[in-house]
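Novice: What follows is a single structure, and I will ask about it in a moment.
The values are calculated or read from the model by the stated rules, or taken from the named source; none is laboratory data. Please read these numbers as outputs of a predicted model, since none were measured by experiment. We place every Cβ from the backbone using ideal geometry, glycine too, and count neighbours over all the protein chains shown.
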């Protein structure tokens, strides 16, 4: 769910641990996503590397983006400085014994300043605020060090690497209540930022921060808690050489949807595109609102 904000065969594989991006190779969640993938009920979901790696020049970035978009016209549209510019989304599934793993690949472009982007600050501003989209409601809260220490976890905030934990509560289609505690790690270079997150199994049986789901009855009462496997994701934000001020956001994620939710039917999956559109446009509007007055306005910022 929070894993939502194309084609895999177009991706340029970047293996953490090589000498191209040593800072991001030090992001343990990102490294696990690329090397090991997401494990659920005996299935392993391999994650592609980002299409852009640090060190590419403008022509190399353009070539990678052209392969991604499929044509010069589509690429020009993808790069458009507009709230309504398109995004590229691909969703596919892997069935397991007791669940369906939903796999999401998403690409879009925004205008912003990578240097001033602070993921912990953004998460802090969102903490405790509800977000509603597609008949679903989510609320996240950053966990304090006082909450983490007794559970053997800790946060960290640094220039090149930051770690924090978020407890998410969601209400899906008025039928399901879901909770998960996720670990997030962000790494930064001069050219990019990687933010990776995963549901921490250490909280599976936690008294107050458990990874679990419940049914919601017609009377609004919830059923007994059931274990929730959660998911794994990463997003890489890369500064584009052209056009100036443009950032490519590429996201890859997977989460386990229990069979008991919708018996494998794509009810939740059908919500991904409208949710992505809603959240991307909200982000672009927020960035546009905070854009320096000296910067030219987006030509069709709606």
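Novice: What do you reckon, is residue 140 surrounded by 14 or more Cβ atoms within 10 Å (Cβ to Cβ) and assigned to a strand (DSSP E or B)? So that I can check it myself, show each step before the final result.
Specialist: Numbers: surrounded by 14 or more Cβ atoms within 10 Å (Cβ to Cβ): yes; assigned to a strand (DSSP E or B): yes.
When the stated conditions are applied, residue 140 passes them.
Novice: Kindly indicate the residue of region 209-226 that is part of a loop (DSSP other than H, G, I, E, B) and in contact with a helix residue (DSSP H, G or I) (Cβ under 9 Å, 6 or more places away or on another chain) and also surrounded by the fewest Cβ atoms within 10 Å (Cβ to Cβ) among those meeting that condition. Spell out the reasoning first.
Specialist: Filtering region 209-226 down to residues part of a loop (DSSP other than H, G, I, E, B) leaves 209-211, 217-221, 223-225.
With in contact with a helix residue (DSSP H, G or I) (Cβ under 9 Å, 6 or more places away or on another chain) added as a condition, the list becomes 209-211.
On the way: 209: 20, 210: 17, 211: 24.
Only one residue fits best here, namely 210.
Novice: What are the pairs with Cβ atoms under 6 angstrom where one residue, in region 55-71, is more than 16 Å from residue 247 (Cβ to Cβ) and the other, located anywhere, is at pLDDT below 95? Sequence gap at least six, or different chains.
Specialist: Filtered contacts from region 55-71: 67/10.
Novice: For region 7-112, which helices (runs of 4 or more DSSP H) that fit wholly inside it have 1 or more residues that are over 18 Å from the mean Cα position of the chain (by Cα) and at pLDDT 95 or above?
Specialist: 58-69, 72-78
Novice: Among the residues of region 148-179, write down those that are loosely packed, with under 14 Cβ neighbours inside 10 Å and assigned to a helix (DSSP H, G or I).
Specialist: Scanning region 148-179 gives 149, 150.
Novice: Something else about it: Does residue 32 fit the bill of being more than 19 Å from residue 180 (Cα to Cα) and surrounded by 15 or more Cβ atoms within 10 Å (Cβ to Cβ)?
Specialist: yes
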